[in-house]
Structure formats: C-alpha cells, structure tokens
Amino acid sequence: MPEPSLDIRSRILDWSGVLKRLGHVLTVFAVLTAIEAHWVVLQSVAWTTMLAANLQTSSVSEAVVRTFDGKHPCTLCKEIAKGRQAEKKTEFRPEGKRLEFFFTRTTFIFTAPSHFWEVRLPDALLNPSSLAPPVPPPRSFVG
C-alpha cells in the first residue's frame, strides 16, 4: 500500500490530465452542437427504429422503401421535424444597417519639431590628444 504523500504537486498533475480531457470533450460537444449533429444522431436512431419495426412486417426492400420514403414518419421523426423548425425560427437573424467603411486618403508629412535643444559633446571627447591612453608609471628595476 503506497504511503500518503503530503506533496500536492502530484495531485495537481493528476488533475491536469483530467481537466485537459474534459476540455477536449466539451470542445467536441460544442462543435457537434454547432453543426447540428444532435439532429443527425436522433434521426439515425429514428430511422433505425423504423427499419427494425418495418422488417417485422415486410420484406427488406419494402421495409427500406417504407422507412426512407418520407410518407410514413414515426412519432420520433415528427418530433425531430418540429424541433428543427422551432430551432430555425429562433435563429438570430441580424437586422439593421449594413456597415459601410469609407476610404479616405491619408497624407503623411514629415516636419521638423517646433523646438529642440542641441546636445554638445565635451571638448575632451572631441580632442584626439585627450583620447590617448594614459602613460604607465615607470618601472623600477631591482637588480
């Protein structure tokens, strides 16, 4: 049996994987909802149920035709159609004016500043003789 750890870092690392997977699952769910995949799944379930019910009373070809002809919808198919219509009615349709952007030509003019100050370098920096290296002190020879 492993000993309990007081180090919380190992617990945080365990949760980071769970949270990452949860984020992926929620993202996939949001994308599927945005592309209305839930209606496709429900319709597939309805067709499968209808096909199974029709196969009990008729041949395969007749059951397939009766399932997919649209003339004999089941109650689930009717509810799916109502849900799709209700969803289309509540979709946001932007009403209002079109955004119009007008192009105006911009001219850039470079001008000197209205006031400025002159920075002067010290004369010692401008005189080449002052930039010579310093003379080292004399060396004493002990002999």
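The values are calculated or read from the model by the stated rules, or taken from the named source; none is laboratory data. All values derive from a computational prediction rather than experimental measurement. Cβ coordinates were reconstructed from backbone atoms using ideal geometry, including for glycine residues, and neighbour counts include every protein chain displayed.
Taken together, the criteria exclude PHE141 from residues that are more than 30 Å from TRP47 (Cβ to Cβ), aromatic (Phe, Trp, Tyr), assigned to a loop (DSSP other than H, G, I, E, B) and at pLDDT 70 or above.
Of all residues in region 55-73, those that are closer than 19 Å to VAL45 by Cα have Cβ atoms under 8 Å from Cβ atoms of residues that are part of a loop (DSSP other than H, G, I, E, B) and not hydroxyl-bearing (Ser, Thr, Tyr), 6 or more apart or on another chain, in ARG66/HIS72.
For the structure I just gave you, tell me whether ILE109 is more than 30 Å from MET50 (Cβ to Cβ), modelled with pLDDT of 75 or more and of a type outside the set (Asp, Glu).
Working: more than 30 Å from MET50 (Cβ to Cβ): yes; modelled with pLDDT of 75 or more: yes; of a type outside the set (Asp, Glu): yes.
Taking the combined requirement at face value, the residue satisfies it.
Of all residues in region 69-88, which are surrounded by fewer than 13 Cβ atoms within 10 Å (Cβ to Cβ) and in a helix (DSSP H, G or I)? Once the filter is applied, which keeps residues that are surrounded by fewer than 13 Cβ atoms within 10 Å (Cβ to Cβ) and in a helix (DSSP H, G or I), region 69-88 yields THR75, LYS78, LYS82, GLN85, ALA86, GLU87, LYS88.
Conditions tested, residue by residue: (1) modelled with pLDDT under 80; (2) exposed (fewer than 10 other Cβ atoms within 10 Å of the Cβ).
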| site | (1), (2) |
| --- | --- |
| GLN43 | no, no |
| THR57 | no, yes |
| GLY96 | yes, yes |
| PHE102 | yes, yes |
| PRO122 | yes, yes |
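For THR90, the requirement of being of a type outside the set (A, V, I, L, M) and modelled with pLDDT of 75 or more is not met.
Yes or no: GLU62 modelled with pLDDT of 90 or more, among the charged types (D, E, K, R) and closer than 30 Å to PRO73 by Cα? Taking the combined requirement at face value, the residue satisfies it.
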